[in-house]
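To keep things clear, I will list the structure first and then write my remarks on it.
The values are calculated or read from the model by the stated rules, or taken from the named source; none is laboratory data. Bear in mind that the values here come from a model prediction, so they are computed numbers and not experimental data. Cβ placement follows ideal geometry from the backbone for every residue including glycine, while neighbour counts extend to all protein chains displayed. Each accessible area value is taken on the protein alone, full model and side chains, heavy atoms only, with ligands, DNA and RNA left out. Shrake-Rupley method; radii C 1.70, N 1.55, O 1.52, S 1.80 Å.
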Amino acid sequence: MADMIKVSGLSVTFTSAGRSFRAVDGVSFSVAKGESFGIVGESGSGKSTILKAVAGLVKFQAGALELNGQAMGFARSRKERQLLQYVFQDPYGSLHPRQTVDEALREPLAIQGIAGAEAKIAAALAEVGLEPKHRFRFPHQLSGGQRQRVAIARALILHPPILLLDEPTSALDVSVQAEILNLLARLRAAHGTTSILVSHDLAVVAHVCERVAVMKDGRLVEILGADALRAGVAEQAYTRQLVAASRGYARGA
Amino acid sequence: MSAPSAPQNWKQWLESESPASRRQAVAGNAWRGLVAIIKNPAALAGLIIVALLLLMALAAPLLAWGQDPLAQDLAQRLKPPSASHWLGTDELGRDIYVRVLYGARVTLTIVVLVSLVVAPLGLAVGTLSGFLGGVIDVVLMRITDIFLAFPRLVLALAFAAALGPGIENAVIAIALTAWPPYARIARAEAATIAQSDFIAAVKLQGASTARILLRHIVPLCLSSVIVRLTLDMAGIILTAAGLGFLGLGAQPPTAEWGAMVSSGREVILDQWWVATMPGIAIFVVSLGFNLLGDGLRDVFDPKSS
């Protein structure tokens with residue numbers, strides 16, 4: 001199958017006040033069309049930075065990025081923006097506080113010059129399980145789970161072939177987390193979207209993704225299948241350590 | 001018995017948690033803001049004072065019973081407040097009540113003209129600087145610093161000397177020195193907003209910089225600029241009055257509060273009302289704008305909602 005996302009030797013360096021920090025260091029991976037790819041790692045391992053570099057929100061200094069066979073840089077045309085959408089971690093910060101749900105969903109259609117907004121907005125709301133009564137509410141009138149549904153609807157209303165998910169459930173209650181994950185799985189099956197999910201929660205990644213990359217200090221430690229991750233069969237010591245840590249505190253005998 | 005239920009209905013329509021249209025959602029938000037202002041006694045007082053100022057300016061000929069603010073009657077000069085001259089008369093026998101009414105027009109003109117220059121200029125410089133950052137930010141902020149370093153009254157004096165005294169030149173001088181704080185507020189807000197996820201989201205949707213600025217950043221900066229403008233109104237009115245007092249603002253015989261205080265200065269011990277009445281007007285209107293500004297700040301504060 002053709003690669004939808006191809007990342008080769010990607011490096012991202014942040015420079016601030018003369019000091020530089022290499023957040024991502026020569027990472028390479030590829031994601032096939034329709035595949036769900038996961039990236040796990042501890043805080044500061046560079047997993048979110050990779051996602052932002054793929055999205056074009058962060059500049060990368062070295063390496064190459066290909067989306068659907070096209071080479072991509074940092075600056076992208078309006079047409080190229082149609083290739084991917086992003087769901088942010090914090091549903092409280094990812095919606096404009098003075099815009100209704102309706103306006104938030106209308107904006108991407110207006111920017112890309114897509115007609116038939118009325119019907120598309122209603123359909124997008126129904127698809128993520130929101131009712132028509134939510135359509136003209138402001139974000140402060142919605143719960144965290146409802147906001148994240150709006151953010152997902154906003155990402156999917158343009159029908160992007162690639163969806164980037166940056167810890168989409170970590171800011172939500174445990175009960176709502178499962179709802180959102182099931183919603184994402186259902187939508188991925190319906191649209192055939194290629195996705196990258198970044199999370200620090202191994203259980204979430206193992207549940208949603210087919211292959212998982214493990215990151216540490218900006219480098220890729222290994223890529224393994226979700227089955228292997230669930231079974232705890234990893235080649236690298238760091239991955240085994242991470243799996244053991246995720247299983248929590250084991251009561252000593 | 002259907003009449004009492006009608007107000008209940010539009011109230012329900014405004015306070016609905018699930019509005020059926022954008023218009024209803026916006027109206028509901030405005031309604032909640034208005035209720036918050038009315039529930040705050042100080043803000044309500046400010047709102048009433050500003051509304052009265054507007055009324056005075058708009059209906060001045062009506063409220064003055066057709067009297068001319070410039071009509072002189074030297075036989076009636078320096079009369080104390082009485083039934084025929086509610087607030088007394090000045091040194092040329094002009095009715096002070098009528099002049100205070102017409103003075104509201106001058107004050108309001110200055111306030112509106114200054115706002116029309118200051119708010120858009122401050123917003124444009126501030127949001128561009130805060131959102132684009134880098135070299136543009138540095139250049140625009142240094143220009144702002146230069147304008148901030150001009151003393152307002154001295155610049156107004158220079159303008160009056162160069163262009164001749166008058167309301168227009170007073171407005172130019174006030175506006176030129178009043179916009180930098182707005183640019184700074186807008187810059188700080190825009191820089192914070194530019195980092196937020198919802199701006200990244202519209203960037204990923206392919207929005208142009210102009211669209212992000214105009215549709216997403218400016219509306220969010222607008223509320224703090226409006227609050228600041230309302231709080232600054234008092235200062236603007238006082239500066240305008242001060243220029244009038246120094247003889248650099250509105251020129252006689254125009255009824256302008258600062259110039260009226262100035263003309264009453266010589267007789268303040270014997271005919272106190274000549275300087276006091278316009279002075280009270282300046283004081284009350286400045287206070288009103290300050291109270292309203294405080295109330296608006298509470299309403300617009302996103303943390304309160």
Next on the checklist: Checking the structure you have, find out if any residue of the range B:258-281 is more than 27 Å from B:L113 (Cα to Cα), open to solvent by less than 50 Å² (accessible area, probe 1.4 Å) and not in a helix (DSSP H, G or I).
Outcome noted: yes
Item to check | Subset of the range A:146-171 (residues that are open to solvent by 20 Å² or more (accessible area, probe 1.4 Å) and either assigned to a helix (DSSP H, G or I) or within 18 Å of A:V208 (Cα to Cα) (or both)) | outcome: A:Q146, A:R147, A:R149, A:P161, A:S170, A:A171
Checklist entry - How about the range B:19-40: which of its residues are open to solvent by less than 60 Å² (accessible area, probe 1.4 Å), within 14 Å of chain A (Cβ to nearest Cβ) and free of Cβ contacts under 8 Å to residues at least 40 places away in the same chain? => result B:P19, B:S21, B:Q24, B:A25, B:A27, B:G28, B:N29, B:W31
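Suppose the filter is out of contact with any Asp or Glu (no Cβ under 7 Å at 6 or more places or on another chain), open to solvent by 10 Å² or more (accessible area, probe 1.4 Å) and under 23 Å from A:D227 (Cα atoms); does A:G44 pass it?
no
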Checklist entry - Do we have B:L214 as under 30 Å from A:Q148 (Cα atoms), within 14 Å of chain A (Cβ to nearest Cβ), modelled with pLDDT of 90 or more and under 25 Å from the mean Cα position of the chain (by Cα) here? => result yes
Item to check | Unique residue being farther than 30 Å from B:D232 by Cα and in contact with a Gly (Cβ under 6 Å, 6 or more places away or on another chain) when the list is B:D68, B:D73, B:D90 | outcome: B:D73
Item to check | Count of the range A:87-113 residues which are within 16 Å of the chain's Cα centre (by Cα), more than 7 Å from chain B (Cβ to nearest Cβ) and surrounded by fewer than 24 Cβ atoms within 10 Å (Cβ to Cβ) | outcome: 1
Item to check | Pair list, Cβ < 8 Å and 6+ apart or interchain, from the range A:64-86 residues that are over 18 Å from A:T193 (Cβ atoms) and within 13 Å of chain B (Cβ to nearest Cβ) to residues that are charged (D, E, K, R) and surrounded by fewer than 14 Cβ atoms within 10 Å (Cβ to Cβ) | outcome: A:F74/A:K59
Item to check | Any hit, the range B:41-62, residues being out of contact with any helix residue (DSSP H, G or I) (no Cβ under 8 Å at 6 or more places or on another chain), open to solvent by 80 Å² or more (accessible area, probe 1.4 Å), more than 22 Å from B:W257 (Cα to Cα) and without any contact (Cβ under 8 Å) to a residue 60 or more places away in the chain | outcome: yes
Item to check | Residue tally, condition within 19 Å of A:G145 (Cβ to Cβ), among the small types (G, A, S) and modelled with pLDDT of 90 or more, over the range A:94-132 | outcome: 4
Checklist entry - Within the bounds of the range A:115-138, is there any residue that is within 12 Å of another protein chain (Cβ to nearest Cβ) and closer than 30 Å to A:S8 by Cα? => result no
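Here are A:A32, A:A53, A:A75: which of them is crowded, with 17+ Cβ neighbours inside 10 Å and aliphatic (A, V, I, L, M)?
Within the list A:A32, A:A53, A:A75, the selection yields A:A53.
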Item to check | When residues of the range B:115-144 are limited to those that are of a type outside the set (A, V, I, L, M) and open to solvent by 50 Å² or more (accessible area, probe 1.4 Å), the one modelled with the lowest pLDDT | outcome: B:G134
